[in-house]
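Undergrad: Let me give you the structure first, and then I'll get to my questions.
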Amino acid sequence: MTDMTFENSTYSKTYNFYKLEMPFGNFFFCDKFIISEINAEVHFDWNKIELVLKEAIKFYGLNAKLGYISNRVNSYSVDPQDWAKIAIQSNMMAGSSIVYYNYMMYLNATLEKRFSVVKMHPCLSLDEAIEWISNLDELN
């Protein structure tokens, strides 16, 4: 298993996307999903999530249905309960996938799945995550 950023993948050449650069990470807005790559050692808390959510609403509109891929190329922390707030405040997220590259990330993904109120799928690669998100019934 190798770490692969979205921009170094073949998908960045085949998908139309908008890159949102934030001080705490990069977000790639594709047609039906967002890919996040959070910087190392960041605590991705509700304040940061809210900033990204506001930009997503500006880009996609308030009534958009999207998938979310957390491409964990770096080690960072997140409070899984913060993701439940998104579902409560917005009906935007149809499903989420976490790409993990080591066992510790896998344990975090398993914990986050327990708190998720939307479909969540841990993946071993960005390819697997994009395929899973692309095939969600809610997005087709």
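Undergrad: Within region 58-104, track down each residue that is of a type in the set (A, V, I, L, M) and at pLDDT 80 or above.
TA: LEU62, ALA64, LEU66, ILE69, VAL73, VAL78, MET92, MET93, ALA94, ILE98, VAL99
Undergrad: In region 13-35, which residue that is of a type in the set (Lys, Arg) and surrounded by 12 or more Cβ atoms within 10 Å (Cβ to Cβ) is nearest to SER77 (Cα to Cα)?
TA: Checking each candidate, the answer is LYS19.
Undergrad: What tally of residues in region 13-44 results from selecting those that are aliphatic (A, V, I, L, M) and assigned to a loop (DSSP other than H, G, I, E, B)?
TA: 2
Undergrad: Still on this model: Take region 53-62 and flag every residue that is outside any loop (DSSP other than H, G, I, E, B) and either within 16 Å of ASN8 (Cα to Cα) or open to solvent by 10 Å² or more (accessible area, probe 1.4 Å) (or both).
TA: LEU53, LYS54, GLU55, ILE57, LYS58, PHE59, TYR60 - these are the residues of region 53-62 that are outside any loop (DSSP other than H, G, I, E, B) and either within 16 Å of ASN8 (Cα to Cα) or open to solvent by 10 Å² or more (accessible area, probe 1.4 Å) (or both).
Undergrad: Looking at GLU21, GLU112, GLU55, which is the one that is at pLDDT below 95 and farther than 17 Å from LEU136 by Cβ?
TA: The match here is GLU112.
The values are calculated or read from the model by the stated rules, or taken from the named source; none is laboratory data. Everything numeric here is computed off the predicted structure, so don't read it as measured data. Virtual Cβ from ideal backbone geometry, glycine too; neighbours counted across all protein chains shown. Heavy atoms of the whole protein, side chains included, go into the accessibility calculation; ligands, DNA and RNA do not. Shrake-Rupley method; radii C 1.70, N 1.55, O 1.52, S 1.80 Å.
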